[in-house]
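Everything below concerns the one structure shown next.
Every read-out reported here was derived from the displayed coordinates using simple, explicitly stated rules and does not represent laboratory data. Not measured: the values here are computed from a predicted model. Cβ coordinates were reconstructed from backbone atoms using ideal geometry, including for glycine residues, and neighbour counts include every protein chain displayed.
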Amino acid sequence: MILKSIVITVFLMVSFIGSSQVNMDDYKYIVVPKRFDGFRNENQHQTSTLIKYLFSKKGFVTIYDDNIPVDLSIDRCLGLYVDLIENSSMFTTKTILALKDCKGEEVFLSQEGKSKNKEYKGAFNEAITEAFDSFASLSYTYVPKEEGNEEEEPITISFKNDIKKVDQKPDLKKEQDRLVEQISTEEIQYYKDRTPIETDYKLAKSPVEKKMEEQQATKDDQSFKSMEPVQSDNKREQTVSTPKVSNGTLYAQELPNGYQLVDSTPKIQLKIFKSSMPNVYIAKGDGRDGVVYSSDGKWFFEYHEGNQIVKEELNIKF
């Protein structure tokens, strides 16, 4: 035990001397875990809330590890990450606060805080508070790194081959001059303007164009008529057959959304599924799809056979 204490003391002295050289002003955030290593639960013994409170009271911008701001998520090196080191013995709770950078290297290690309190919450409160005394002499003001401190190569922008040749717009005056012929001398006075003149005159359509328009009009007329409802004089009347009683008893076995009806074989004769109406089921089985419903205390199965509605009485045991 004596040897272990000597090793821990030497380790703390070396770490503390190295930590004093750290410029805390370079870091914008202190990140506190919601659950420290060695603890089963989040904020066990209120360790996370206490450490966040102490750093915030000291003037640090302190956040939990599940609430990372945008700039820190982009650059993790803006923050220092808290670790709680526990060296507790049977009767004494011992804690050390360590600050690690984005590379996981320790940049600050506090003194060891101790407590002989038998109650865990109180013991960790006293030990952590004592360990935090190491930060009492630190003055902190975050100073962002100035842009331009690092030498940057000048950015060269080249516009080579970026500009395409722009087609020149036609010279309307020259075009106009080409359409005008003019001779003016003492012997000859001549002027002729060939500039097109707007007119409402429409050229007559060729026979081929007329034929194509007629064919298109016929197709459009046929398409329109095909969308009209077709009435037929042959009205098919559906008739309902006389109810017939099925042989044998069907036993209802419950399904998540209805029942399956099996005979004594047992063989599934029908599957009936619940509908929005009471005692009315949608039925499927053996190529017969229809409805099963209750009327006057009896169960009936109705389905189509050709143009006829078949009504069959069922003996169902639920």
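How large is ³J(HN,Hα), in whole Hz, for each residue of region 207-213 in order, when computed from phi with the Karplus curve 6.51 cos²θ - 1.76 cosθ + 1.60 and θ = phi - 60°, using x for Gly and Pro?
Working through the residues one at a time gives x, 5, 5, 4, 4, 5, 5 Hz.
Under 10 °C and 1.306 mPa s, how fast does region 56-146 diffuse according to Stokes-Einstein, given a Kirkwood radius computed over C-alpha pairs? Answer in µm²/s, whole number.
Answer, rounded: 108 µm²/s.
Taking amide H positions as placed in the peptide plane 1.01 Å from N, state which residues far from N87 in sequence (5 or more) or on other chains have amide H under 5 Å from it.
HN-HN under 5 Å from N87: K94, T95, I96.
Using the Cβ atoms and a cut-off under 10 Å, what net charge is assigned to the surroundings of H304, where Lys and Arg are +1 and Asp and Glu are -1?
-2
Whose amide H sits under 5 Å from the amide H of V61, counting only residues 5 or more places off or on another chain, with H placed in the peptide plane?
I30
Find, among the trypsin sites (Lys or Arg not before Pro) in region 73-143, those assigned to loop by DSSP (not H, G, I, E, B) with at most 15 other beta-carbon atoms within 10 angstrom.
Of the trypsin sites (Lys or Arg not before Pro), the ones in loops of region 73-143 whose Cβ has at most 15 other Cβ atoms within 10 Å are K103, K116, K118.
In this model, which of K57/K118; K103/K145; K271/K311; K34/K121 are farther than 21 Å apart at the alpha-carbon?
Listed pairs above 21 Å: K57/K118.
Placing +1 at every Lys and Arg Cβ and -1 at every Asp and Glu Cβ, with all other atoms neutral, what dipole size does region 271-318 have around its Cα centre, in debye to the nearest 20?
Its charge dipole is roughly 240 debye.
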